[in-house]
Amino acid sequence: ESVASAAIDAGVTDYVRRGSAEGVEELAARIRSAASDDADQTAGDHQAQLGQFLEAFPNVVFVVSETGRYLDVVSTGDDALLYDAPEKLRGQRFSDILPAETAARFQSVVEDVVKTGEQQRIEYQLKVQSGSRWFESQIIPHKPESETGTVFWLARDITERKRRKQEYEQIFNSVRDAIAVFDPDAGEITEVNDAYREMFGYGFEDIRQLGIDGLSVSEDGYTGQRGWTLIRETARTGEATTVEWRGETSEGDRLWLEATLTPAEINGEQRVLSIQRDITERKRRQRAIKALQAATERLEAATTPERVATIAVETVSEVLGFTEATCWFHDEEAACLEPVAGTDSVSNTDLGSELPADCYE
């Protein structure tokens with residue numbers, strides 16, 4: 001074990017035990033596999049493949065063994081983006097130079113890529129020579145059929161992109177209007193801001209699952225199908241449109257919403273923004289004004305004082321929301337106020353009684 005450990009520290013990627021037929025066969029199989037791989041893929045092939053990688057990921061490429069050892073480092077940009085100089089990285093393991101949590105995560109990803117033969121993509125923050133930076137890395141299996149697997153670790157500096165995203169999220173969530181982002185092709189809600197979550201009273205995952213149908217008063221015609229038709233039409237024409245919509249909160253309250261649908265490109269993807277304002281109070285005022293105008297016309301058409309009183313009580317109750325309303329006429333002979341009309345809730349109360357001349361009211 002001590003010899004094996006020293007060999008691995010010196011750069012050996014793996015070993016087999018000697019002294020058994022199985023060990024000899026295993027060693028022979030590995031030699032044949034290595035020779036076959038070298039015969040199948042020439043140096044030119046390797047160079048062409050590496051060139052494609054460098055073109056797609058222009059910052060740095062690592063060749064890493066299954067044990068987490070840096071076998072090669074190719075930097076196409078500033079070495080300051082590296083954790084250390086290339087010559088110091090070669091031969092080192094993740095655990096030798098990186099923080100323990102980061103090293104463990106990297107090691108797990110490499111082992112999984114070698115085992116499954118499927119590439120993975122991860123994001124991480126690392127303090128390198130130029131300071132704290134964000135990276136996006138694509139880990140690609142190299143010779144996944146080999147017993148001693150290696151991977152290409154292609155890293156790209158995305159610090160600026162992360163900064164822009166953080167600024168976007170800060171602005172997105174500081175806007176007072178409720179905003180939802182829709183993917184018109186997939187038919188999904190991809191993002192909502194804080195104001196949107198507060199307005200409906202749901203978390204983002206609940207909003208995604210409910211969709212337009214679950215957040216709308218569907219029985220009144222505000223259905224998911226109608227909503228997605230409007231969204232896809234906005235994406236197709238590239239023109240903004242404003243509609244009124246009826247939403248329903250987690251508490252069951254029904255809202256009137258003014259929704260402006262606007263096409264937008266977010267992170268290179270076509271999206272549609274829905275900027276929504278709660279106009280429930282505005283709609284209530286509009287309905288009240290319309291009802292008051294209608295009441296005025298009814299009052300003008302009334303032919304008796306009693307009819308005027310009845311219309312007045314009904315309007316005060318139904319339009320203005322006063323559930324206990326009474327109208328009195330002055331009876332000069334009896335020297336009192338006599339109730340003429342009142343809502344049902346006051347018929348059996350003192351509010352529906354005569355008011356003599358000596359009472360405060």
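Accessible surface computed residue by residue for segment 211-361, with neighbouring protein chains in place and a 1.4 Å probe, gives 64 Å² per residue.
Dipole check for segment 286-336: with +1 at the C-beta of Lys and Arg, -1 at the C-beta of Asp and Glu, and the Cα centre as origin, the magnitude is about 420 Debye.
Take the Cβ-Cβ distance between residue 166 and residue 190 as r, set R0 to 25 Å, and report the resulting FRET efficiency rounded to the nearest 0.05.
0.90
Here segment 93-161 is assigned +1 on the Cβ of each Lys and Arg and -1 on the Cβ of each Asp and Glu. Its dipole about the Cα centre then comes out at about 200 debye. Ranking 155, 171, 187 by Cα position along the charge dipole of segment 149-205, where only Lys, Arg, Asp and Glu carry charges on their C-beta atoms, puts 155 farthest toward the positive end. Under a model in which nothing but the beta-carbon of Lys, Arg (+1) and Asp, Glu (-1) is charged, segment 240-305 shows a dipole of about 300 debye around its Cα centre. The stretch between residue 88 and residue 72 holds 4.7 nm of extra length on full extension. This uses 0.36 nm per residue minus the Cα-Cα distance.
Note on segment 190-207 and segment 254-330: Cα centroid distance 28 Å, given to the nearest whole angstrom.
Stretching residue 13 away from residue 291 to a fully extended chain increases their span by 91.6 nm, per 0.36 nm per residue minus the current alpha-carbon distance.
Please report, to one decimal in angstroms, the Kirkwood hydrodynamic radius of segment 228-360 built from all distinct Cα-Cα pairs.
Working: mean 1/r = 0.0519 Å⁻¹.
In segment 228-360 this quantity evaluates to 19.3 Å.
Would you mind putting 105-111, 355-361 in packing order, based on average other-beta-carbon counts within 10 Å, highest first? Present the calculation step by step, with values, prior to reporting the outcome.
Numbers: 105-111: 17.9, 355-361: 9.7.
Result, highest mean first: 105-111, 355-361.
Ligands, DNA and RNA left out, the accessible area of segment 277-334 computed with a 1.4 Å probe is 52% carbon and sulfur.
Within segment 261-304, name every residue whose backbone N is under 19 Å away from a label modeled 7 Å from Cα of residue 319 along the Cβ vector. Backbone N within reach: 281-304.
The values are calculated or read from the model by the stated rules, or taken from the named source; none is laboratory data. A quick note: this is a predicted structure, and the numbers were derived from the prediction, not measured. Using ideal geometry, Cβ is built from the backbone for each residue, glycine included, and neighbour counts are taken over all protein chains shown. The accessibility values were calculated without ligands, DNA or RNA, using every heavy atom of the protein model including side chains. Shrake-Rupley method; radii C 1.70, N 1.55, O 1.52, S 1.80 Å.
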